[in-house]
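Let me begin by presenting the structure, written as structure tokens, before commenting on it.
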Amino acid sequence: MKKVSIIGAGVVGQAVGRILRERGYEIGGVVSRSIAKAEAAAAFIGAGEPGTDPVKGASGADWVFITTPDKAIRETCERIAQGGGFSKGSLIIHMSGALGSNVLESARKAGARALSIHPIQSLASSEQAVRNLPGSYFSIEGDAEAIPDGREIVEALGGLLVMIPGEKKALYHAGAAVASNYLVAVLDFAVMIYEALGMRRDEAVKAIMPLVRGTVNNVERVGVPDALTGPIARGDVETVAGHIEALEKYLPEMLTLYKALGRHTVSVGLAKGSLSGEDGEKLQKILK
């Protein structure tokens, strides 16, 4: 069974280490800038040698996960490579959604292979990540000869695999950001509207969550665009005009966002077929 080192003991590193340990993989170094954090991460993983030296932590590992913040991945990889921490033929992995495997070029020059493996998942805590990673899709990009190991990693994490071209990594990450980060921003927009009614923020969140869950369930069940409901999907021009009037009065600073989202929703409604071309034109006119 392969030996795995975790360089960067945050949420992702801890979750990956724990899942792989539970699947029978040997855990080597568990490295953080703080020895206390490294010790806590090793305790969470249930194995591993905590430390603060990435060169020592990576030494002797078959798979080295560099799960530092994005801005530190290249520098950390270069430090390990310069210190002789990578074994010939070992696999170096980072799990950034925004960066390609090219940031691991120093590992390649040291005789190792490189992959970028990223879960299409929101990971807020290590415990949640251990629960959420299985069943998630993972993107892989990097050295062709390392893909079989990448498949093994994704399978061990309980995930599903999607291959992406390295030159389109930023586009891939934009899709993930829209699906997760922008969703939170849109929900914040909805909460702001309910706050304008006089509701407390915590009440507003609780009020919209059954609707959000129902919508997400519909998307999973019937897909996009068929999950679209509401006034734009129905071609209810008067209702949308009422929204615009209310926002102009109570939340004028959010009107531009509402209209931008509305214009795209018109396109989704047209794709669904529930919105006629005539009503779509009327909606686009008032949403300009």
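The values are calculated or read from the model by the stated rules, or taken from the named source; none is laboratory data. Keep in mind the model is a prediction, meaning the values are calculated, not measured. As a convention, Cβ positions derive from the backbone with ideal geometry for all residues, glycine included, and neighbour counts pool all protein chains shown.
Just checking, does segment 200-216 include any residue being touching a Pro at 6+ places or on another chain (Cβ under 6 Å) and either within 30 Å of LYS288 (Cβ to Cβ) or modelled with pLDDT of 95 or more (or both)? First the steps, then the outcome.
Going through segment 200-216, the residues touching a Pro at 6+ places or on another chain (Cβ under 6 Å) turn out to be none.
No, because not a single residue in segment 200-216 is touching a Pro at 6+ places or on another chain (Cβ under 6 Å) and either within 30 Å of LYS288 (Cβ to Cβ) or modelled with pLDDT of 95 or more (or both).
Can you spot a residue in segment 51-60 that is assigned by TED's automatic domain parsing to the domain that holds GLY111, crowded, with 18+ Cβ neighbours inside 10 Å, of a type outside the set (A, V, I, L, M, F, W, C) and under 18 Å from ALA129 (Cβ atoms)?
Checked against the condition, which is being assigned by TED's automatic domain parsing to the domain that holds GLY111, crowded, with 18+ Cβ neighbours inside 10 Å, of a type outside the set (A, V, I, L, M, F, W, C) and under 18 Å from ALA129 (Cβ atoms), segment 51-60 yields no hits at all.
Cβ-Cβ under 8 Å, sequence separation 6+ or interchain: first residue in segment 154-168 and under 12 Å from GLY135 (Cβ atoms), partner β-branched (Val, Ile, Thr). Which pairs?
Final answer for the pair search is VAL154/ILE117; VAL154/ILE140; LEU157/VAL16; LEU157/ILE19; GLY158/ILE19; LEU160/VAL154.
Residues of segment 40-50 being at negative phi and surrounded by fewer than 17 Cβ atoms within 10 Å (Cβ to Cβ), which ones?
Correct list: ALA43, GLU49.
Taking segment 16-53, which residues are in a strand (DSSP E or B), of a type in the set (Asp, Glu) and either within 24 Å of the chain's Cα centre (by Cα) or at pLDDT below 95 (or both)?
Selection gives nothing.
Could you tell me whether GLU75 is in contact with a strand residue (DSSP E or B) (Cβ under 8 Å, 6 or more places away or on another chain) and surrounded by fewer than 21 Cβ atoms within 10 Å (Cβ to Cβ)?
no
Testing SER274 on (1) farther than 24 Å from ALA179 by Cα; (2) polar (S, T, N, Q); (3) surrounded by 15 or more Cβ atoms within 10 Å (Cβ to Cβ), one condition comes back false. Which one is that?
Tallying (1) farther than 24 Å from ALA179 by Cα; (2) polar (S, T, N, Q); (3) surrounded by 15 or more Cβ atoms within 10 Å (Cβ to Cβ), SER274 fails exactly one: (1).
Quick grid of which residues meet (1) aliphatic (A, V, I, L, M); (2) closer than 16 Å to ASN102 by Cβ; (3) outside the structural domain of ILE92 (by TED's automatic domain parsing):
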{"position": "LEU115", "(1), (2), (3)": "yes, yes, no"}
{"position": "ILE120", "(1), (2), (3)": "yes, no, no"}
{"position": "GLN128", "(1), (2), (3)": "no, no, no"}
{"position": "PRO134", "(1), (2), (3)": "no, no, no"}
{"position": "TYR137", "(1), (2), (3)": "no, no, no"}
{"position": "ILE140", "(1), (2), (3)": "yes, yes, no"}
{"position": "PRO148", "(1), (2), (3)": "no, no, no"}
{"position": "ARG151", "(1), (2), (3)": "no, no, no"}
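Can you say whether LYS56 is of a type outside the set (A, V, I, L, M) and not in a loop (DSSP other than H, G, I, E, B), as far as the supplied structure shows?
Judged against the criteria, LYS56 is a match.
Counting just the residues of segment 141-167 that are β-branched (Val, Ile, Thr) and modelled with pLDDT of 95 or more, which one comes out surrounded by the most Cβ atoms within 10 Å (Cβ to Cβ)?
The extreme case among them is ILE153.
Sort out which residues of segment 175-233 are of a type in the set (D, E, K, R), farther than 25 Å from ALA98 by Cα and in a helix (DSSP H, G or I), and write them in order of number.
Initially, segment 175-233 is screened for residues of a type in the set (D, E, K, R), giving 188, 195, 200-203, 206, 213, 220-221, 226.
Now narrow it down to the ones that are farther than 25 Å from ALA98 by Cα: 195, 200-203, 206, 213, 220-221, 226.
Within segment 175-233, GLU195, ARG201, ASP202, GLU203, LYS206, ARG213, GLU220, ARG221 qualify.
Tell me, please, whether a residue that is of a type outside the set (A, V, I, L, M, F, W, C), part of a strand (DSSP E or B) and buried (at least 17 other Cβ atoms within 10 Å of the Cβ) can be found in segment 91-100. Before you say what the answer is, go through the steps one by one.
From segment 91-100, those of a type outside the set (A, V, I, L, M, F, W, C) are 94, 96-97, 100; that's our starting set.
Within this subset, residues satisfying the condition of being part of a strand (DSSP E or B) are 94.
Applying the additional criterion that residues be buried (at least 17 other Cβ atoms within 10 Å of the Cβ) yields 94.
Yes: segment 91-100 contains one or more residues that are of a type outside the set (A, V, I, L, M, F, W, C), part of a strand (DSSP E or B) and buried (at least 17 other Cβ atoms within 10 Å of the Cβ).
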